[in-house]
Amino acid sequence: MITFNSIFSEIACILAIATGIGALAVWLRQPLIMAFIIVGIAVGPAGLGLGTATDEVELLAELGIALLLFVVGLKLDPHEIRAVGLVAIITGVGQILITGGLGYLIAISLNLETISAFYVAIALSFSSTIIIVKLLSDKREIDALHGRIALGILIVQDIVVVLVMIALTAFSSNSEVSLGQEILMVLLKGGGFLLVVALLTRYVLPQLLHSVAYSTELLLIFAISWAMALAALGDGLGFSKEVGAFIAGISLASTHYRVTLGARLISLRDFLLLFFFINLGIHIDVNYLALEIIPAVIFSIFVLLGKPLMIMVLMSMMGYRKYTSAITSFSLGQISEFSLILASLGVGLGHINENILGLITLVGLITMGVSTYMIIDSHTLYEWLAPLLSHLERLIPHSQQKLGNLDKVDIPPVDVILFGLGRYGGSLLVHLQEQGLQVLGVDFDPELVRNWRNEGVLAFYGDAEDPEFAGTLPLNEARWVVSTLPGQRIGLTLLHTLQHQQFQGQIALTSHTLREMEILKDAGAALVLLPFRDAAKEAAGTLVKQL
């Protein structure tokens, strides 16, 4: 056991170890969550025995969890929740119910007690927002169709896990009152809490935020103070600190400052969450952990294989093709940081023992580690599994999507097939039509497609990266296929798909860098559009004409 002269020195040592192991994790392309849990095990009783700073680490861990829930609530703007879409709601809720039900049966078959089986089943149902968003952002796929669907499913899961936490903490008192009285007390306290927050959000917070917003630093301090104040109030009312912080986030979600606050709080949230995962590792008994290896492997296989399969089936039943369904499902094959928080809450409430916490943590380590490579190499994995997925797709009853089912629509001959109907793509479409060309527009945003169709444009729902979708397009008549979606990967995927379909026309792709432009041209693109450069040239020409 290593001893230090001060708590500060011990914390400094823990952070140094976390930096080293974190660097190793990054080199191995593993999520830092795993690295920090391992740090906790390494500095805990089973390792170096740095145990004197336990209280301080635990306090920082609680602050990290509260801030995490605050940021989650901050992102739940009502407009964004509506934009999540039916697929995210149905797939998210359906997957939680199916995973939870099957997970519970597996846990019972492994001789877990009822309450322990319940916690394990719930823990298996959620996927990691931090890991998925980080990896998809690194791959520049967060705005792709599968990225947006995965993000929508994560939002649904975040809402469900908070509701579960509210239920567990609200009905876990040891009082002698009846269940009916307990429910009534929860409703009264919860209703009063929400009413007070709603009134403050409506009549006080807007003016207060406006008065402190002149200083970004002061705005940030106010937001953190507000989060901690409601967290403390929620804890005092028996709803837990996490629930109070979540409600604090929701109360600021509809303000103009949510984006600024969310962006600035991410780094602080990640730093404080480091201590949660370290604290989790410190309290893991390695001896018990070794005893849980076989159940952990069974549950991990279920999460890595079963959960993606459920998501794939649910999305296919809603009309999504195998590519979109598969790539989306590969992203969600792990358990969540919320699973670990929920398990820790269960230990604190006395529902489960530390053995179950260790089991869930071990499942987290396994699934997070393996699923990282599933996300990074998702396209290669899809190519390997495509023949098997084709057989599976034929067994699943598909609903017909009104916006995306080109197979059932008589399409007139078109001159140009245009992927991407956003600001740049939409403007390009209008100019092409002004030149007398017939254009078919494609986008993966259903609302955008619906708006263009209302304008009389031939527009359909589809994904440029889906190789199956290209086969439904009228490629024989088109002279050009144009993609306004930037990025080397998207461009090369569409290019190879069209070449495989033996498209005889010209292909125009979009890039934001000269290096990508050269790569796309070498791969066979007839034209590479550079929106920023072209816009700058046109702006310069306009300015010169005014001189």
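Given a cut-off of 28 Å, name the pairs among 134/189; 241/307; 139/241; 75/322; 134/521; 75/241 whose C-alpha atoms lie farther apart than that in the structure shown. Provide the component values of the computation, followed by the final result.
Numbers: 134/189 37 Å; 241/307 30 Å; 139/241 35 Å; 75/322 30 Å; 134/521 30 Å; 75/241 18 Å.
In this structure, 134/189; 241/307; 139/241; 75/322; 134/521 lie more than 28 Å apart at Cα.
Evaluate Rg over Rh across the range 120-279, taking Cα atoms for both radii and Kirkwood's formula for Rh.
1.00
Pairs of alpha-carbon atoms within less than 8 angstrom and 6+ residues apart define the contacts here; what relative contact order does the chain have, in percent? If you can, show how the numbers build up before the last one.
Details: 756 pairs, mean separation 91.6, N = 547.
Over the chain, the number comes to 17 percent.
Can you list the chymotrypsin sites (Phe, Trp or Tyr not before Pro) in the range 202-245 that are in a DSSP coil and have 10 or fewer other beta carbons within 10 angstrom? The partial results should precede the final answer.
On the way: sites: 203, 214, 222, 226, 239; in loops: 214, 239.
Here the chymotrypsin sites (Phe, Trp or Tyr not before Pro) that fit, given the DSSP loop and packing criteria, are 214.
State, to one decimal in nm², a quarter of the convex hull surface area for the C-alpha atoms of the range 6-154, i.e. the direction-averaged projected area.
Details: hull surface 46.8 nm².
Mean projected area of the Cα convex hull: 11.7 nm².
May I ask for the equivalent-ellipsoid semi-axes of the range 406-546, computed as the square root of five times each C-alpha gyration tensor eigenvalue and listed largest first in whole Å?
Working: eigenvalues 117, 78, 35 Å².
Gyration-tensor ellipsoid for the range 406-546: 24, 20, 13 Å.
Can you grab the distance from the C-alpha centre of the range 26-50 to the C-alpha centre of the range 307-353, Å, no decimals?
Distance between centres, Cα-based: 24 Å.
For the pair residue 266 and residue 7, what calculated FRET efficiency results from E = 1/(1 + (r/R0)^6), where r is the Cβ-Cβ distance and R0 = 25 Å, to the nearest 0.05?
Numbers: r = 27 Å, r/R0 = 1.08.
It comes to 0.40.
Taking the Cα centre of the range 7-392 as origin, sum charge times position over the Cβ atoms of Lys and Arg (+1) and Asp and Glu (-1), and report the length of that vector in debye to the nearest 20.
Numbers: 16 positive and 24 negative charges, 244 e Å.
That gives a dipole near 1180 debye.
Among 481, 449, 462, which residue has its Cα furthest toward the positive end of the charge dipole of the range 407-547, with +1 on Lys/Arg Cβ and -1 on Asp/Glu Cβ?
481
Net charge within 14 Å of residue 443 by Cβ-Cβ distance, Lys/Arg positive one each and Asp/Glu negative one each, not counting residue 443 itself? Write down the numbers at each step before the final one.
Numbers: positive: 148, 423, 450, 453; negative: 143, 445, 447, 455, 463, 465, 466.
My count for the surroundings of residue 443 gives -3.
So how long is each side of the chain along the principal axes, counting just the alpha-carbon atoms, biggest first, in Å?
77, 59, 53
Report relative contact order for the range 406-546 in percent, whole number only (criteria: Cα-Cα under 8 Å, sequence separation at least 6).
Values: 216 pairs, mean separation 28.5, N = 141.
For the range 406-546, the relative contact order is 20 percent.
Per DSSP H run of at least 4 residues, take -39500 (n - 2.57); add these up for the chain, divide by its residues and hand me the 222 nm value, nearest 500 deg cm²/dmol.
Helices in the chain give a 222 nm mean residue ellipticity of -22500 deg cm²/dmol.
Between the range 502-519 and the range 210-233, how many Å separate their Cα centres?
So the separation of the two Cα centres works out to 47 Å.
Within a 10 angstrom radius of the beta carbon, how do 257, 382 rank from fewest other beta carbons to most?
382, 257
Using Cα positions and a limit of under 26 Å, work out the lysines in reach of residue 545, with same-chain residues fewer than 8 apart set aside.
Once the sequence-local lysines are set aside, what remains near residue 545 is 537.
Kirkwood hydrodynamic radius for the range 220-354: how many Å is it when counted over pairs of different Cα atoms? List each step's numbers first, then the result.
On the way: mean 1/r = 0.0549 Å⁻¹.
Across the range 220-354, the inverse of the average 1/r is 18.2 Å.
Given the C-alpha centroids of the range 104-152 and the range 426-489, what is the distance between them in whole angstrom?
34
Bear in mind that the values in this text are calculations on the coordinates, not laboratory data. This one's a predicted model, so the numbers in the text were calculated from it and none came from an experiment. When we count neighbours, we look across all protein chains shown, and the Cβ atoms used for this are built from the backbone with ideal geometry, even at glycine.
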